[in-house]
Amino acid sequence: MKQSNLKYSCLIAVLYFGMNVDAQVTSDSTKVQKIDEVVMIGYGSRKKVDNTTSISSISAEEVTKTKVLNASQAIQGKAAGVQVTASDMPGSTPTVNIRGLGTVLGGRTPLYVVDGMYANNINNINANDILTYDILKDAAALAIYGNRAANGVIIITTKSGKGKLNVTYDGLIGVRTPLKTVKMADSQQFIPYNNIGLAAQGKGLLNPNQPYNTDWFKEITRTGIYNQHNVAISGSSDAVKYFLSLSNYDEQSILKGTNYNRTTVRTNNEYRISKGIRLSQNLSATFTNDTPKSLGIFTTAYKQSPLVPVYYPNGQWGQPIYDGNGNISYSGGRFNNVGNPVQQLFFDNQKTKSFILQGGLKLDADIFSGLKFTSQFNGEYGTSKYYNFVDTRAIWLANDPTRTVAQYSSTEPINRLTNKNIDYYNWVLSNYLTYTKKIDNHDFEIVAGTEASVNSGLSTLVMNRKNLPAQSNYWNTLNTDYYGYLFSDNTTKALESIQGDRNTTISYFGRLQYKFMNRYLLSATVRRDGSSQFADGHKWGTFPSFGAGWIISEEEFMKGGFFRTLKLRGGWGRIANQRVPLNYLPLLSGATYNYGFGTSAVSNGVTVNKGYDPELGWEVTEEASLGLDFGILDNRLTGSFDVYNRETTNIILAVKPYMATGISEVNYSHMGSVVNKGAEITLNWADKIGEDFTYSVGANYSYNKNELTSMNTSKPVSQVVGGNLGNGQDTKYFNAQTVGQPLGSFFLWEFDGYDANGNMKFKDLNGNGITGSADAGDRRFVGSYIPKSTLGVNFSMTYKNWDFALTGYGAFGFSVYNGKKAQRISGENIEASVANDYWTASNTNAANPAPNTAIPIASTFFLEKGDYFRINNISVGYTFRDVTDYLRSVKLYVSAINPIVFQKYSGYSSELSGYNPADPNSEGDPYKGAGIELDSYPTLRSFVFGVNLNF
């Protein structure tokens, strides 16, 4: 792809949307100015200089420069106020927070609008197909999307044809390795540490001379390899614009056995039906194949002892078993209860296949001069298939080399197979009028329209079977007795069909934008949404906003002064979140009543088992914001400054039923408020030296304070217990005490040194005189995983045919919990730093306690600073131009992605979104795994070589 002029950084990216956007250089080759930058604002576009709201725009070049699977991951650090937390696990969804987190139980992700289609994520989109990436941040901009907009809106426009026939190919191959690893104790360090714990238990000690020294992380990982190929054909004539692309991404990731493949086909065309009438069509199909593995394998590898072999000499799986002489053996006692990570990988047999079809038609008709009618229909259909085969008997035998088939219980299944099929569909129909008029010094634009949407909800079919014949393909189990093999127990249903909530909405919206004398700006929007999600009387909501701007640099007294551009803007708006828990009344059957006549049941019945709040609706957010845009030194130095106050006044929380009601399930009510206050700064310097050298240096900084500011205590709020470590310990709580704290704050005991035996002590914070032990009343809120500030830096330059780019990203003022380290009990491995410095009678000032056999208490000892700064991308390219009559250019490039990180955290990565493939809704959940390093995928370093051909 031909490189655009890099004199603009990704901080204030120039958008190419049907307009000529270029840099004008004066005769002295030093003065640079930008013209006609355009931003997408929802149901239309606007010149950036005329916009009154806060919108960050990122060009297609910036999105594709970082060669990663998901386009959202590529924008990390490129927009102020936008925090992207990504997992490098193939197929994962990055967490995107725009100006903070405002909900506890509701949906947290922004709304994605892809060519007019609403989407929950953009995992299926090839980044090379993206033309513009616009992020609507303040409520004045977001109100046009009403009750969907509380978490921000990201508008993505994909490419279309332009000019002569153009064929491009972009191909790359890359290798991936963990960015940071944790050095674990080897056998010589492990044995003396662990023998102290064994002695405390009265068990035999390990022999210091052992034949094995296994590096478990090395055994389960490999050098990851990925490649990507993109072909695009585009062009236009007087009657049609056309664009067709085909892409394939394939990755063999670092965890052995995990493979991911995604193929996307896209076609975007625009037809000129007649003068003033245009029909646009877009269609994309995405096919994905994935072989995931349990992320718990990483934790198992961390915990398993280096003394355990992968295999015994006879080929059986190694286990943590030692004999009476303290030697690793086939039989004897276990010195820990951790599994064999390589065995776990071998028996982990999961596969996923998915298909997503998205498309739409858009009709634009010029009714008369200045008035245009637009009708747009977009639809999406998705389906996925998943299976998980568990070889139950084989796993049981592998866990103990002394076991035999004859010992296996005849009542237990030999194997189990879970098949899951999911499908859904969505559609959106929008019809609106756009009227533009200029009268003398007055410019008007009015948009008015209606919109209807349907979301079918997920339709899920799950089937569990047992004792299937061994086979290589568990998608189709031919020649099996489907009914006879059905399996169920206390936790598993043999067959389950679930239909998710169907949601329909109808909306009316309008927007007025006014400009007077090219310097005074006003805008106002209103949207009225009706949603089937809510009860009568609460289905409809109105979401207004207004904005104002003053282009001060257009005033006569400012012309020719220091500021080439100076604009003040501000606004207010109300938006909402409809992705919240709903009212429903479940029935409890089998209830028995004796009416006071003894203990025998006189009647069986059915009762309502949940309360109902007739006032329940959506969560509503109000935001006021103020911004300043400027450009000095002939706009070589440009920047913006924004401040905002965003308050969600009626967050929905679970309410415990009163005991007298006999109801067991919680219900939901509007119970509290959350405030996000913040500031954002963006600076960019762009210049040209001579005819051949251009460069750009930019940075953006964001600060956000998140706080639960109030809670209605007249109702008993159901306490949220989260951040579970899988060992009986929890790290997060949410209740009335949380007022004044950020969402997702850790709730821990405070470490207070060691007692006389080297065990951890905890502070007596409630003053009840119980010191040293983990008294329930001594826990306190201490730190949150949500960063208070983020920093993005960008540098790029071109010299003749060479180009260079560097980007970096940092997050500061947050905490992470070292969940792997906090899980350890007796016999499990420790980090080398622990093995080299732990409490003994002669080392009482050690950094770590004495070896202990108890489950570690969830305390501040395991809470660490998460601050980090990482170089996200370094790329160098060289372009050969006009190679032949048919080959316009050939570009060769190399990239290093995440090559360097600076962090104090002792674990693998402090960028922890909490992604869990078994629970997609856990992504970014403040009361699940976010901010806890446990069963998490390491951040990866990639080196890429690629070629771009432009025909």
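Derivation of every value follows stated rules applied to the coordinates shown; laboratory data play no part. Because the structure is predicted, anything quoted here is derived from the model rather than measured. Methodologically, a virtual Cβ is constructed for each residue, glycine included, from the backbone with ideal geometry; neighbour enumeration extends over all protein chains shown.
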* **the range 705-856, Rg to Rh (Cα coordinates; Rh as Kirkwood inverse mean 1/r)** => 1.12
* To do: Calculate the radius of gyration of the Cα atoms of the range 876-916 to one decimal place, then report Dmax, the largest Cα-Cα distance, as a whole number, both in Å.
  => 19.7, 56
* To do: Take the Cα atoms of the range 437-521, find their three principal axes, and give me the spread along each one in whole Å, biggest first.
  => 81, 27, 21
* To do: Would you kindly calculate the translational diffusion coefficient of the range 889-945, applying Stokes-Einstein with the Kirkwood radius from alpha carbon pairs, for 37 °C and a viscosity of 0.692 mPa s, and quote it in µm² s⁻¹ without decimals?
  => 242
* Asked: So what are the three principal axis dimensions of the range 182-321 from its Cα atoms, in whole Å, longest to shortest?
  -> 91, 30, 22
* Specify whether the C-alpha gyration tensor of the range 725-800 places it in the rounded, prolate or oblate class, a ≥ b ≥ c being the square roots of the eigenvalues: rounded for a/c under 1.5, otherwise prolate if a/b is larger than b/c and oblate if not. => prolate
* **the range 539-547 - phi-based ³J(HN,Hα) in whole Hz, Karplus 6.51/-1.76/1.60, Gly and Pro as x** => 7, 10, x, 10, 10, x, 7, 8, x
* Backbone HN-Hα couplings from phi across the range 811-820 [Karplus 6.51/-1.76/1.60, Hz, Gly and Pro as x] -> 10, 9, x, 9, 10, 10, 10, 7, x, 5
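Using Stokes-Einstein with the Kirkwood hydrodynamic radius over Cα pairs, what translational diffusion coefficient do you get for the range 98-213 at 10 °C and a viscosity of 1.306 mPa s, in µm²/s rounded to a whole number?
For the chosen part, D equals 78 µm²/s.
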* To do: Quick one: check the C-alpha center-to-center distance for the range 731-793 versus the range 365-441, whole angstrom.
  => 38
* To do: Figure the gain on full extension for K715 and L361 (residue separation times 0.36 nm, minus the Cα-Cα span) and round it to one decimal in nm.
  => 122.5 nm
* Asked: In bins 10 Å wide, starting from 0, what share of all Cα pairs of the range 611-765 does each bin hold, as a percent?
  -> 9, 22, 22, 18, 15, 10, 4, 1, 0
* If we sort 318-325, 695-702 on the protection proxy, mean other Cβ atoms within 10 Å, highest first, what's the order? -> 695-702, 318-325
* Starting from the coordinates of the alpha-carbon atoms of the range 854-951, obtain the Kirkwood hydrodynamic radius over all distinct pairs and give the value in Å to one decimal. => 17.1
* To do: Tabulate in residue order the Karplus-calculated ³J(HN,Hα) for the range 69-80, using 6.51 cos²θ - 1.76 cosθ + 1.60 with θ = phi - 60°, rounded to whole Hz; enter x for Gly and Pro.
  => 5, 10, 5, 5, 5, 6, 8, 4, x, 9, 9, 5
* Amide H to amide H, which residues 5 or more places from S773 or on other chains are under 5 Å from it, using H placed in the peptide plane? -> F762
* Asked: Over the Cα atoms of the range 455-573, what Rg and Dmax result, in angstrom?
  -> 30.1, 87
* Could you work out how far the C-alpha centroid of the range 882-924 sits from that of the range 81-104, in angstrom? => 14
* To do: Would you mind giving the average projected area, over all directions, of the Cα convex hull of the chain in nm² with one decimal?
  => 47.3
* Largest to smallest principal axis extent of the C-alpha atoms in the range 33-179, angstrom -> 43, 42, 30
* Equivalent ellipsoid semi-axes for the range 159-212, as square roots of 5 times the alpha carbon gyration tensor eigenvalues: give them largest first, rounded to whole Å. => 61, 13, 8
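Per residue, how big is the convex hull of the range 307-366 when only Cα atoms are used? Give it in Å³.
138
Counting only other residues whose beta carbon sits under 14 Å from that of S456, what net charge do I get with K and R as +1, D and E as -1?
-2
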* To do: Using only Cα atoms, figure out Rg for the range 515-572 and give it as a multiple of 2.2 N^0.38 Å.
  => 1.84
* For F562 and Y878, compute 0.36 nm times the residue count separating them, minus their Cα-Cα distance, and round to one decimal in nm. => 110.0 nm
* Structure fact -> Placing each pseudo-label 7 Å from Cα in the direction of the beta carbon, T177 and L461 end up separated by a distance in nanometres of 4.8
* To do: For the range 380-454, go through all pairs of different Cα atoms, get the mean of 1/r, take its inverse, and jot down that Kirkwood value in Å.
  => 18.9
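How many Å³ per residue does the convex hull of the Cα positions in the range 228-301 occupy?
Given the Cα convex hull of the range 228-301, per-residue volume reads 91 Å³.
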* In whole angstrom, how long is each semi-axis of the equivalent ellipsoid of the range 769-872, when you take the square root of 5 times every eigenvalue of its Cα gyration tensor and sort them from largest down? -> 41, 19, 11
* **Built amide H within the under 5 Å cut-off of L131, gap 5+** => T157, T158, K159
* Structure fact -> Helix 187-200: inclination vs the chain longest Cα principal axis, degrees, rounded to 10, gives 50
* Structure fact -> Here, the range 252-403 modelled as identical Cα point scatterers in vacuum has Debye log10 I(q)/I(0) at q = 0.12, 0.13, 0.15 Å⁻¹ of -0.69, -0.75, -0.88
* Expressed in nm to one decimal, what extension gain is obtained for the pair L887 and T491 from 0.36 nm per residue of sequence separation less their Cα-Cα distance? -> 136.3 nm
